[in-house]
Each structure stands twice: as C-alpha cells, then as structure tokens.
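Colleague: For reference, the structure I am asking about is given below.
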Amino acid sequence: MTPNDEYADFILDKLARLEVVSSRRMFGGRVIHMAGKVLGFIFEETFFFEPGPTAERMLPDAPRRELFPGSKLFFIIDESISAARLCELAEACYDDFPLSKPRKRSRQDALRKKEVEERFPFSKNLENK
C-alpha cells in the first residue's frame, strides 16, 4: 500500500458517515467521489478539495494550491480537520460540483462488444431490456 493509499483511507474514514463517498486511482494519486461528483484529489499525501462558492464561504482562510501547473487553485484540507467538519463541508458543497463525465469507451471495449455481438447475436436484445 502506498502512502497515497493510506492517506486516502484516512480521509475516507473521516467521510465514512456520508456512505456515498468512494475513491479510485488516477494519475498516480486518488480521486475522491461523492455520489457521482468529484469531491477532490489526493496527491502526495495532500487532500485537494474542489473549489466553489460554498467552499469559499466555509474555508475563507484555507491555503490553496494548484493540483498541477496551470490548474485551478484547490483548497488544501489539513489532516487535523475533524470528521464532522469535513462531512459538513462535503454535504454543503455538493451542489457546487458538476456531475462526473461518463467514461469514454475505448476502442478495445468497442471491439470486444462487436466480437460478443457476432458470437452471440441475441445479446443485442438483452441490452435493451
């Protein structure tokens, strides 16, 4: 387990009360999702929280940093934040976040689907049900 994974588990434990929070690996770090929306990112044991108007009001003095050169400024959430405060922040800011974009199908996925349809023609009918 990498330090990023351990830190992500630490943050997810704090957000566990919400029950709709998950994470997945992405670009050498972790992305934190809350009910289909991106809540933030974890890189190098730092929690980058998505900016928005509600977060601006709730975190006026929080430090900010670019996730990568040229990106927008994210709020840096200190690990000392309480679980209750972090959950309150996530719930309050949820409406500010855009829905995650659906994953684009890769060419490999399209070829695999075509192969299945050729071998099992009735599978098309199953998808429509």
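Colleague: Go through the residues of segment 59-73 one by one and say whether even a single one is in a helix (DSSP H, G or I), open to solvent by 30 Å² or more (accessible area, probe 1.4 Å) and at pLDDT 90 or above.
Modeller: no
Colleague: I need the full set of residues from segment 74-92 which are crowded, with 16+ Cβ neighbours inside 10 Å and in contact with a helix residue (DSSP H, G or I) (Cβ under 9 Å, 6 or more places away or on another chain), in order please.
Modeller: F75, I77, I81, L86, C87, L89, A90 - these are the residues of segment 74-92 that are crowded, with 16+ Cβ neighbours inside 10 Å and in contact with a helix residue (DSSP H, G or I) (Cβ under 9 Å, 6 or more places away or on another chain).
Colleague: Exactly one condition in (1) surrounded by fewer than 18 Cβ atoms within 10 Å (Cβ to Cβ); (2) touching a helix residue (DSSP H, G or I) at 6+ places or on another chain (Cβ under 9 Å); (3) modelled with pLDDT under 90 is false for E19; which is it?
Modeller: Of everything listed in (1) surrounded by fewer than 18 Cβ atoms within 10 Å (Cβ to Cβ); (2) touching a helix residue (DSSP H, G or I) at 6+ places or on another chain (Cβ under 9 Å); (3) modelled with pLDDT under 90, E19 misses just condition (2).
Colleague: Against the conditions (1) touching a strand residue (DSSP E or B) at 6+ places or on another chain (Cβ under 8 Å); (2) open to solvent by 20 Å² or more (accessible area, probe 1.4 Å); (3) outside any strand (DSSP E or B); (4) not acidic (D, E), where does A55 fall short? Just the number, please.
Modeller: If we test A55 against (1) touching a strand residue (DSSP E or B) at 6+ places or on another chain (Cβ under 8 Å); (2) open to solvent by 20 Å² or more (accessible area, probe 1.4 Å); (3) outside any strand (DSSP E or B); (4) not acidic (D, E), just (2) comes out false.
The values are calculated or read from the model by the stated rules, or taken from the named source; none is laboratory data. Owing to the predicted nature of the structure, the values given are computational and were not obtained by experimental measurement. All Cβ positions, even for glycine, are placed from backbone atoms using ideal geometry, and neighbour counts span all protein chains on display. Side chains are part of the model used for accessible areas, which takes the heavy atoms of the whole protein and leaves out ligands, DNA and RNA. Shrake-Rupley method; radii C 1.70, N 1.55, O 1.52, S 1.80 Å.
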